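Structure first, commentary second.
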Amino acid sequence: MDSTSRSAVIIIGAGVSGISAAKVLAENGCADLLILEASDRIGGRIRKESFGGVSVELGAGWIAGVGGKASNPVWEIASKFGLRTCFSDYSNARNNIYDRSGKIFPSGIAADSYKKAVDSAIQRLRDLESNCAVDIPNGAELPLTPKTPIELAIDFILHDFEMAEVEPISTYVDFGEREFLVADERGYEYLLYKMAEDFLFTSEGKILDNRLKLNKVVRELQHSRNGITVKTEDGCVYEANYVILSASIGVLQSDLICFRPPLPRWKTEAIEKCDVMVYTKIFLKFPYKFWPCGPDKEFFIYAHERRGYYTFWQHMETAYPGSNILVVTITNGESKRVEAQSEAETLKEVMSVLRDMFGPEIPTATDILVPRWWNNRFQRGSYSNYPIISNNQVVNDIKAPVGRIFFTGEHTSERFNGYVHGGYLAGIDTSKALLDEMRKHERKNENTSFLLEPLLALTGSLTLTQPDTVSGVQKCDVPTQLYLSGKLGIPEAIL
Ligand SMILES: Cc1cc2nc3c(=O)[nH]c(=O)nc-3n(C[C@H](O)[C@H](O)[C@H](O)COP(=O)(O)OP(=O)(O)OC[C@H]3O[C@@H](n4cnc5c(N)ncnc54)[C@H](O)[C@@H]3O)c2cc1C
């Protein structure tokens, strides 16, 4: 057990935001830091696993936002370290929509359903914006409610797949509309090891620095004007002048971390207002390929009368030729349902779906991998999703420090929440805000000791207590951002 030690800054969580925050602190002369990570590895929601002879990404898989005017910082790091990626072209998915008898919908029908879904989405947004409760007579449906399997599939892709973002989608506007799938045996997480190498002691690809402590589940943060006491599940106690907390929005909504005194109401209310998206990629290994291949066939859609039922599919032949792996993505309610059942039950369901599309003769998958992001108590979901009708105040309040606790993570990024680059840039922002705070504190200390010096010399016995420039509740000055433009964000790239 560690005896109580005091650090200038404790960073809770070693995902991309925690690592980028620590790196900025170290680069600015604050090397007295400690990273406490609950799991046995760094990376958080960037996580690879060996499956079917290749490395698959259970969490973040794409570098989204490439090819625009500005350069995506994560793309820059990936290029610098030679991460292997493949361009993803979702645009053909609309030509590969299967019905339950295995027939592909003619492109005209797909285009009509797509237009209907877009019109319905725009109508819904207008209703929300004008804040008018739509008066629907008992039992009647909205004229544009999706009903048929193809309408339901397209509606799912538009609203539940990845996230329902509002336009302009900052990632695409700032960094470009291209997306690249990470297909590297070292995993997406390799980038985090390379970032950590800059400020932590590493050897042969392993982090050996004792400022990174794994398997340290933080359960309590006792905070006051003078500092913070951090207690972990294994009974260790750590002291710090400041804490940067990078746990996900799902964790903040759970009771994993107890704050003493409790967080103020404006903070907890903001945390509750942010939705948590659950996004699950199920990997399936087959003895051989039975699906059509080629780049225009990489993504395909299954139209079922149950919305979101194993709808979005991808083959991995572009990323790993000959791997014979399929990936199906489910979200939210379906993710939670599937997480609660056994792999055998899930396999039975996906095989029945695949036999609808490709016939009864296809072989059963030899292996299945179902990540459980919702039930992981260190994640409690996949990423944040701010309600379409939301205002800057919510994200500003989620991001704002409370006394000496600074908040970071993808959910604190006003422009890029939900993305790896959002987490990366949030870590940098938070550390810069903290460094400013520390400098202000230092200057105030210098002034105080300058004023007290003559008095000290006189008494010789006075002890200086550190004045505290951080008020009990303090919010960062966050620039306001136009989050809602009034136009609905349609992931054009997919359909
Ligand atoms: C399935 C899935 C698919 C995704 N796809 C993409 C994609 O294609 N492209 C993209 O850009 N983004 C994608 N994302 C989002 C992206 O992964 C995240 O936005 C980003 O990785 C979040 O980083 P973070 O540092 O904010 O949080 P995290 O990675 O969650 O890091 C927080 C860390 O805190 C630790 N922690 C939590 N509680 C405690 C505690 N009490 N004590 C100590 N440590 C604690 C956690 O273990 C974790 O390591 C995806 C995410 C998921 C789950």
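Each reported figure results from applying straightforward, stated rules to the coordinates on display, with no laboratory input. The structure displayed is predicted, hence computed values, not measured ones. Here the Cβ is made from the backbone with ideal geometry for all residues, glycine too, and neighbour counts use every protein chain on show.
Values as computed for the structure displayed
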read-out: Equivalent ellipsoid semi-axes, region 289-336, via Cα gyration tensor eigenvalues times 5, rooted, Å; value: 23, 12, 8
read-out: Shape call, region 246-289: gyration tensor on alpha carbons, a/c limit 1.5; value: prolate
read-out: Greater than 24 Å apart at Cα, pairs in 48/231; 23/399; 194/399; value: 48/231; 194/399
read-out: Cα extents of region 202-267 along the three principal axes, largest first (Å); value: 47, 28, 21
read-out: Inter-probe distance in nm under a simple model that places probes 7 Å from Cα toward Cβ, at residue 237 and residue 255; value: 2.4
read-out: DSSP-loop trypsin sites (Lys or Arg not before Pro) across region 1-84, with at most 10 other Cβ within 10 angstrom; value: 69
read-out: Cβ-Cβ FRET estimate between residue 272 and residue 103, R0 fixed at 35 Å, reported to 0.05; value: 0.20
read-out: Cα Rg, Dmax, region 279-435, angstrom units; value: 19.7, 63
read-out: Separation of the residue 71 and residue 198 label points, Cα + 7 Å toward Cβ, nm; value: 1.3
read-out: Approximate shape of region 179-316 as ellipsoid semi-axes (Cα gyration tensor, √5λ), whole Å, largest first; value: 40, 25, 12
read-out: Förster radius 60 Å - calculated FRET efficiency between residue 111 and residue 446 (Cβ-Cβ, nearest 0.05); value: 0.30
read-out: Estimated FRET transfer efficiency when R0 is 45 angstrom, pair residue 366-residue 148 (beta carbons, to 0.05); value: 0.85
read-out: Linear extension gain, residue 220 paired with residue 297, 0.36 nm per residue minus alpha-carbon span; value: 22.7 nm
read-out: Stretch gain in nm, segment residue 209-residue 355, where the contour uses 0.36 nm per residue and the Cα spacing is subtracted; value: 47.5 nm
